[in-house]
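First the structure, in the form of structure tokens, and then the observations on it.
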Amino acid sequence: MDLESYIGNYSGTTRAKRLCFIGLHSPEHRNEALKMLFDELKKGKNTIFYRECWTLFYEDNPIDEKTNAWLTEKEAANKSDLIKLETELNNYQVNLIKESIRMGFEELGDFQMAIGDVRKAQKSYIQAKDNCTTPKHITDACLRVVHSCIEVNDYATAAIYVGKAEASYDCSKDSVLSSCLKAATGLGFLHTEKFSIAASKFLDCSIELGTSFNHIISCQDIAVYGTLCAMASFDRAELKAKVINNNKFSSFLELVPELKEILSSFCESRYTKCLQELQKLLPTFLLDIHLRPFVNGMLKSIRNKALIQYCLPFTSVGLTKMAEVFSCSVEELEKDLCSLIVSGSIHARIDSQNKVLQARQKKHRDIGYEKVTQLGSKYEQDTIAFLIRANCIRHQYMIKKSSQSDTHQAGNDVMPMST
């Protein structure tokens, strides 16, 4: 993993947060990540996060005098800038100019985000939204609120403000804005493990998004999240139609060509190659701040789907051969198959002595009984419907369609029984 190239895909506060996350979870990249992390923090204003990171990684070593002097100086400058922004905002509020008030709250919120006071920034953005005078300004303010919510993992509130943004402005006119909102919604569904809906949102993003959302996630992230969510929740037909043949999403897949190959291998039943390639990418997936909590579960779902698809065409499958395909021991495979059989995903039974998986086949007599029962039910429904119609006609309940120009008597409206 080229750490410098990876972190170059992002901007804003997420750069430092991702470097901190990598330093925490990757011994291999720890030293490089920490060097880049503290260099990145010194470029900004977030002294709170600097101190937190130092305590997290170097709790036994106090901050050196030079760095401590820089932190003290930066904190004093931050306090001065904050007072200046609040004073300007108060002046705008006295003058009662809504546009100036909106801009004042946005500037204050941006500054609070920069110094790490996310909750206060969120309040400032909400107040900025309340002073908006155009639909586009409302949408921009909502996006800022969504960003602040994602920073503190408040995806429920983020979803509310995505809805408000969509309601206030016709996002179909702006593919970049529309893609930002879809990506934010997809991220929320990813964190609530609703992978199918998350996949649909990511797959509907446009490559025109570019770097407009890289203060949260990059286009490469959208390719990874969309592909893994789709593979974990879609069947093979849906994968072909919604992912592989999706011209809009193919532009994202070009950014991560390994995923395109993995998708093709899965859909063409080349499970050995598919699962091996996923395992190769797993260390990178585990270093993603949004993906790490869910990626192992996703890969297990993908493997289970591969097991189900492999067994589907056969009446019996040799477990030894199947274990070779899935690169595992026969005992491990038996355990996985037992779980799928118990859950009802595979209708089969295992011959442990001969190491064979036997599909459960319905007896011809049972199939015959089912067909006869279905035919009997249909005949009963048709007979009841016929009797109801016959009785309606007999009692003159059938009514003809009356013309607009004539006023009919009830007796004239009765449809005569055909002979």
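The values are calculated or read from the model by the stated rules, or taken from the named source; none is laboratory data. Fair warning: this is a prediction, and the values are worked out from it, not measured in the lab. As a convention, Cβ positions derive from the backbone with ideal geometry for all residues, glycine included, and neighbour counts pool all protein chains shown. For accessibility, only protein heavy atoms count, side chains too; no ligands or nucleic acids. Shrake-Rupley method; radii C 1.70, N 1.55, O 1.52, S 1.80 Å.
Listing for the model above:
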quantity	calculated
Residues that are without any contact (Cβ under 8 Å) to a residue 60 or more places away in the chain and open to solvent by less than 70 Å² (accessible area, probe 1.4 Å), drawn from the stretch 26-38	Ala33, Leu34, Met36, Leu37, Phe38
The one condition in (1) open to solvent by 50 Å² or more (accessible area, probe 1.4 Å); (2) of a type in the set (A, V, I, L, M, F, W, C); (3) at pLDDT 90 or above that Ala121 fails to fulfil	(1)
Qualifying residue in the stretch 185-193 (condition: surrounded by 17 or more Cβ atoms within 10 Å (Cβ to Cβ), touching a Lys or Arg at 6+ places or on another chain (Cβ under 6 Å) and at pLDDT 90 or above)	yes
Any chance Ala237 is at pLDDT below 95 and farther than 21 Å from Pro257 by Cβ	yes
The stretch 12-25, residues that are surrounded by fewer than 19 Cβ atoms within 10 Å (Cβ to Cβ) and modelled with pLDDT of 90 or more	Lys17, Phe21, Leu24, His25
Subset of the stretch 267-285 [touching a residue at least 40 places away in the same chain (Cβ under 8 Å), touching a Ser or Thr at 6+ places or on another chain (Cβ under 9 Å) and open to solvent by 40 Å² or more (accessible area, probe 1.4 Å)]	Thr272, Gln276, Pro283
Residue that is surrounded by the fewest Cβ atoms within 10 Å (Cβ to Cβ) [pool: residues in the stretch 318-363 that are basic (Lys, Arg) and touching a residue at least 12 places away in the same chain (Cβ under 8 Å)]	Arg360
Residue under evaluation Leu71, criteria (1) out of contact with any Ser or Thr (no Cβ under 8 Å at 6 or more places or on another chain); (2) surrounded by 13 or more Cβ atoms within 10 Å (Cβ to Cβ), criterion not met	(1)
Verdict on Ile222 being assigned to a helix (DSSP H, G or I), β-branched (Val, Ile, Thr) and either in contact with a strand residue (DSSP E or B) (Cβ under 8 Å, 6 or more places away or on another chain) or open to solvent by 30 Å² or more (accessible area, probe 1.4 Å) (or both)	no
Residue within the stretch 131-141 that is within 28 Å of Met298 (Cα to Cα), touching a Phe, Trp or Tyr at 6+ places or on another chain (Cβ under 9 Å) and crowded, with 23+ Cβ neighbours inside 10 Å present	no
Sole exception among (1) among the hydrophobic types (A, V, I, L, M, F, W, C); (2) in a loop (DSSP other than H, G, I, E, B); (3) exposed (fewer than 15 other Cβ atoms within 10 Å of the Cβ) for Ala241, by number	(2)
Some residue of the stretch 153-163 being open to solvent by 10 Å² or more (accessible area, probe 1.4 Å), closer than 30 Å to Gly116 by Cβ and not in a helix (DSSP H, G or I)	yes
Which listed residue is out of contact with any helix residue (DSSP H, G or I) (no Cβ under 8 Å at 6 or more places or on another chain) and over 22 Å from Asp221 (Cβ atoms), from Thr272, Thr320, Thr315, Thr284	Thr315
Subset of the stretch 306-317 that is surrounded by fewer than 17 Cβ atoms within 10 Å (Cβ to Cβ) and of a type in the set (A, V, I, L, M) - its residue that is modelled with the highest pLDDT	Ile308
Every residue from the stretch 7-50 that is within 14 Å of Leu286 (Cα to Cα), touching a helix residue (DSSP H, G or I) at 6+ places or on another chain (Cβ under 9 Å) and not charged (D, E, K, R)	Leu19, Cys20, Phe21, Ile22, Gly23, Leu24, His25, Ser26, His29
Among the candidates Ile217, Ile150, residue that is outside any helix (DSSP H, G or I) and aliphatic (A, V, I, L, M)	Ile217
Every residue from the stretch 83-106 that is free of Cβ contacts under 8 Å to residues at least 12 places away in the same chain and open to solvent by less than 80 Å² (accessible area, probe 1.4 Å)	Thr87, Gln93, Ser100
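A quick yes/no check of all residues on (1) modelled with pLDDT under 90; (2) among the hydroxyl-bearing types (Ser, Thr, Tyr):
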{"residue": "Ala128", "(1), (2)": "no, no"}
{"residue": "Asn131", "(1), (2)": "yes, no"}
{"residue": "Lys136", "(1), (2)": "yes, no"}
{"residue": "Leu143", "(1), (2)": "no, no"}
{"residue": "Ile150", "(1), (2)": "no, no"}
{"residue": "Tyr155", "(1), (2)": "no, yes"}
{"residue": "Ala159", "(1), (2)": "no, no"}
{"residue": "Cys171", "(1), (2)": "yes, no"}
{"residue": "Lys182", "(1), (2)": "no, no"}
